[in-house]
Structures are given as structure tokens and as C-alpha cells.
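Everything below concerns the one structure shown next.
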Amino acid sequence: MCRHLAYIGSPMPLAELLLAPAHGLLTQSWAPRHQRYGTVNADGFGVGWYASGDPLPARYRRAIPLWADGSFADVARVTSSRAVLAAVRSATPGMTQEASAAAPYAHGPWLFSHNGRIEGWPQAVEALAASLPPARLLALEARVDSALLWALVLERLATGDCAGDALAHVVNSVSAVTGARLNFLLTDGTVIAATAAGDTLFWRTGPGSVVVASEPFDDSPDWHEVADNSLLTATAGYVDVRPIPTLTKEQVAP
């Protein structure tokens, strides 16, 4: 239902990472090559990045297609960052198409994106929503499944989970109550955690850098596809991929 990408490494212009590649996010907004669900990603986009010396990311989000925003092209041309998370969105029918629904979501140093959908929304996850503190629910940025998933991830981070454990717990919790596609990206600017759970995911390392993306943005042979039902954790130049841990019903019960 969308395409997303995360990068950590030497400072890189946003335009070079997102707009210039032949099959980058700009092209993926109208012509993705590996997308299993949906054909275009024209229901908004968002970019989050970290400026030098500032642990809190900046965000730029719009409810229009990436190709239609000439202002972002100017911003991207003159903005460089050591860490980026970006997404183009294909909205699930019945969910809001406002800019607030476009990834990345943010809290403190964290940026988050969800590629997929929850089946039976919202009734299927009522118990999970009810398990959250009221303040967490009231802070949801949008009335969409991705915003609730982000709230569930944040709650796990608040309990002390590392990034990968937080994502794995939410995948297990949601999968225990309904069918879902749960490809996540999460970063604090130093580590990337991601899940492949229902859609495509690839990674590539370079000199002191790593990119994790829904699909390759060029035809380099250096891309590696992540098997479904996998958890990926990466830092600049290092990637670990393993099966998503299976938790018991007691461990994931709301």
C-alpha cells in the first residue's frame, strides 16, 4: 500500500537519495516495480531527516503526489542528511487522505513508517487499542491503521524494548487477532529496524552506509531481498536479518 525507504550514512542530499535515482521514490510513486498491492502511490508522501547536531528529526509531509510538489524538489536539492526515512502513500479505501496520515510518524528521536494494512479495521483491533493508555490514543496523528500501529510501537519503546523487539512484538500482537500486512521501518537516526511481513523489502550497504527500502531504486546487483516474516536491524555498514520471533499468546495479550 506504499513504498518506503530509510538511509543512514554520510550526509547525502535528499534529492540524490529520493528523486534522482531512475527507480527512486519519485518514480515509485507512479511506477513501482515490486509492489504487490496497489499500482500507484499518489495519496501523499513524507520525508523525515536529521540535521547535524539535532537529535530530533524534521519532517515534510503532504497529501498530494510526490511528483506534484515542486517546493519539495527545491528543499531536497539543498538539504543533506546523515539519516532519512521517507515514504510515498497509497491510501487504504475508507481511511483519511490528509497529510497527517502520511508517514513518517514521529515522536522524540524516532521516525516510523508502515507499508501494509490491517484487515477488519478498526473492529479487529479494538482490544489492542483499548490496551493503550488514553493519552497515547488521544495523541494519534490520524484515524488510520498506521497511526494506531505507531502508538503500539511507541508503547513498547516506552517499556524499554529495543527497536527490533518493539516491532516484533507489535507484529505478533496484531497477527494474533487479525490478518495484516506489517512491513515497518523505524529509525532514531543511528539504527534502522524493519520488518518484512507481507510485502517486499530490500537492503544494500555501501562505504559506511546502509539503505533499507521496499524495492531497489536502481539496478545495482548489490541489493539483497529480505525473506518474508523477517526482522532486520541495521547500522551504517552493518545488517542483521533473522526470522521475526514468535511470541506466545500470553506474551502478546493486551
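Just wondering, is there one or more residues in region 66-76 that are under 19 Å from G38 (Cα atoms) and either in contact (Cβ under 8 Å) with a residue 24 or more places away in the chain or not aromatic (F, W, Y) (or both)?
yes
Looking for something closer than 16 Å to T187 by Cβ, more than 16 Å from the chain's Cα centre (by Cα) and surrounded by 16 or more Cβ atoms within 10 Å (Cβ to Cβ) - is there at least one such residue anywhere in region 138-156?
yes
Test R33 against the stated conditions and say whether it is within 26 Å of V239 (Cα to Cα), part of a strand (DSSP E or B) and at pLDDT 95 or above.
no
So how many residues does region 106-130 have that are assigned to a strand (DSSP E or B), farther than 14 Å from A180 by Cβ and either within 13 Å of the chain's Cα centre (by Cα) or of a type in the set (A, V, I, L, M) (or both)?
5
Hey, among the residues in region 190-223 that are out of contact with any helix residue (DSSP H, G or I) (no Cβ under 8 Å at 6 or more places or on another chain) and hydroxyl-bearing (S, T, Y), which one's nearest to V88 (Cα to Cα)?
T200
Only one residue in A158, A166 is within 21 Å of A87 (Cβ to Cβ), out of contact with any Asp or Glu (no Cβ under 8 Å at 6 or more places or on another chain), small (G, A, S) and without any contact (Cβ under 8 Å) to a residue 40 or more places away in the chain. Which one?
Sole residue among the options that is within 21 Å of A87 (Cβ to Cβ), out of contact with any Asp or Glu (no Cβ under 8 Å at 6 or more places or on another chain), small (G, A, S) and without any contact (Cβ under 8 Å) to a residue 40 or more places away in the chain: A166.
Here are the criteria: (1) surrounded by 16 or more Cβ atoms within 10 Å (Cβ to Cβ); (2) part of a strand (DSSP E or B). Tell me which single one S173 does not satisfy.
Unmet for S173, out of (1) surrounded by 16 or more Cβ atoms within 10 Å (Cβ to Cβ); (2) part of a strand (DSSP E or B): (2).
Can you go through A51, A83, A103, A87 and tell me which one is surrounded by 21 or more Cβ atoms within 10 Å (Cβ to Cβ), part of a loop (DSSP other than H, G, I, E, B) and touching a Ser or Thr at 6+ places or on another chain (Cβ under 8 Å)?
Just one listed residue meets the conditions, A103.
Condition first: more than 15 Å from the chain's Cα centre (by Cα), of a type in the set (S, T, N, Q) and more than 27 Å from D228 (Cα to Cα). Can you find one or more residues in region 41-52 that meet it?
Yes, some residue in region 41-52 is more than 15 Å from the chain's Cα centre (by Cα), of a type in the set (S, T, N, Q) and more than 27 Å from D228 (Cα to Cα).
Counting only residues that are hydroxyl-bearing (S, T, Y) and part of a strand (DSSP E or B), which one in region 192-237 is farthest from V84 (Cα to Cα)?
Looking at the filtered set, the residue picked out is S230.
The values are calculated or read from the model by the stated rules, or taken from the named source; none is laboratory data. Fair warning: this is a prediction, and the values are worked out from it, not measured in the lab. Cβ coordinates were reconstructed from backbone atoms using ideal geometry, including for glycine residues, and neighbour counts include every protein chain displayed.
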